[in-house]
Amino acid sequence: MKRIAVFCGSSTGFKKIFKNEAKNLGDYFANNNIGLVYGGGKIGMMGVIADAILEKKGEVIGVIPNLLRHEEVAHNGITKMHITKTMSERKVKISRLVDGYIALPGGFGTLDEIFEALTLGQLGIESKPVGILNTNGFFNYLIKQLDVMVNEGYLKQSNKEMLLIGNTIEELIAKMDNYKIPKVSKVINKVVS
Ligand code: AMP
């Protein structure tokens, strides 16, 4: 994978472990020549991963909608910044730049972005790997909720498995590298083979 989109919090959270893992992922990207595509912020987890990569002279591409482009939010030191008119345009732009998606701990924005990527995969519009880095079990309840959706008949097990889960960076990247999307028809949820 040449470039990966990372969706993550605009806050750093309360525990150091998550912030440290954002830095570790940034180091991993820089050491392995993987470019980061992200929301373009200098705040929170976003700023931590971007700075880690920049420190090692790696590639950081931001995609930020005009409305978030305040001085206090936008990162001015990155390799390239794309500015979009809307939040939805930003997602399309990000999807055109990357070979896969990773979510780190975050809030609504992070979930919105990673679930949109999954929805595109589910519909067969995209075939890129989508993963979550489950540092310290941060996403355990979310994973449980997906099981509820499967058990209640709202989510196919095969579609649930599109979400790759790694407890470590190496585990997640290995799963993403080996990912093969199930063949889905254009009709939602119909698995062809
Ligand atoms: P959240 O998880 O709610 O903190 O939102 C973070 C995600 O939403 C990031 O992946 C960004 O792409 C986007 N986002 C939310 N707030 C901002 C912000 N102030 N600046 C840039 N991107 C943001």
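Only the coordinates and a few stated rules stand behind these numbers; no lab work does. Not measured: the values here are computed from a predicted model. When we count neighbours, we look across all protein chains shown, and the Cβ atoms used for this are built from the backbone with ideal geometry, even at glycine.
Once amide H atoms are built 1.01 Å from N in the peptide plane, which residues 5 or more positions from Met81, or in another chain, come under 5 Å H to H?
Residues meeting the criterion, in which the H sits 1.01 Å from N, are Gly62.
Return the long-range amide H neighbours of Ala103 (sequence gap of 5 or more, or a different chain), with a cut-off of under 5 Å between placed amide H atoms.
HN-HN under 5 Å from Ala103: Phe7, Gly131, Ile132, Leu133.
As a footprinting exposure proxy, order Tyr141, Tyr38 by other Cβ within 10 Å, with the fewest listed first.
Starting with the residue having the fewest Cβ neighbours, the order is Tyr141, Tyr38.
If each DSSP helix of 4+ residues adds -39,500 (n - 2.57) and the sum is divided by the residues in the chain, what number results at 222 nm, nearest 500 deg cm²/dmol?
-12500 deg cm²/dmol
Tell me whether segment 35-112 comes out rounded, prolate or oblate; compute the Cα gyration tensor, take square roots of the eigenvalues as a ≥ b ≥ c, and use a/c under 1.5 as the rounded threshold.
Here segment 35-112 falls in the rounded category.
Less than 16 Å from a label point 7 Å out along the Cα-to-Cβ axis of Tyr154: which backbone N atoms in segment 65-107 qualify, by residue?
none
Would you kindly state how much longer the chain becomes between Glu89 and Asn33 on full extension, computed as 0.36 nm times their sequence separation minus their alpha carbon distance, in nm to one decimal?
Contour length minus the Cα-Cα distance gives 17.5 nm.
Please list, in order along segment 125-134, the HN-Hα scalar couplings obtained from phi with the Karplus expression 6.51 cos²θ - 1.76 cosθ + 1.60 (θ = phi - 60°), rounded to whole Hz, x for Gly and Pro.
For segment 125-134, the Karplus-derived couplings read 6, 10, 10, 8, x, 10, x, 10, 8, 8 Hz, x marking Gly and Pro.
I'd like the FRET efficiency for Glu161 and Asn66, computed as 1/(1 + (r/R0)^6) with the beta carbon distance as r and R0 of 25 Å, rounded to 0.05.
0.10
What ranking do 13-25, 42-54, 122-134, 79-91 get when scored by the average of other Cβ atoms within 10 Å per residue, highest first?
Ranked by mean Cβ neighbours within 10 Å, highest first: 42-54, 122-134, 13-25, 79-91.
More than 24 angstrom separation, counting every C-alpha pair in segment 1-144; what % is that?
Of all Cα-Cα distances in segment 1-144, 23 percent exceed 24 Å.
When a/c reaches 1.5 or more, the comparison of a/b and b/c decides; with that in mind, is segment 14-73 rounded, prolate or oblate per its Cα gyration tensor?
Oblate, because a/c is 1.5 or more while a/b does not exceed b/c.
Quick one: Karplus J couplings for segment 8-25, per residue in order, coefficients 6.51, -1.76, 1.60, θ = phi - 60°, nearest Hz, x for Gly and Pro?
Those phi angles translate into 6, x, 7, 10, 8, x, 8, 9, 4, 4, 6, 4, 4, 5, 5, 5, 4, 5 Hz.
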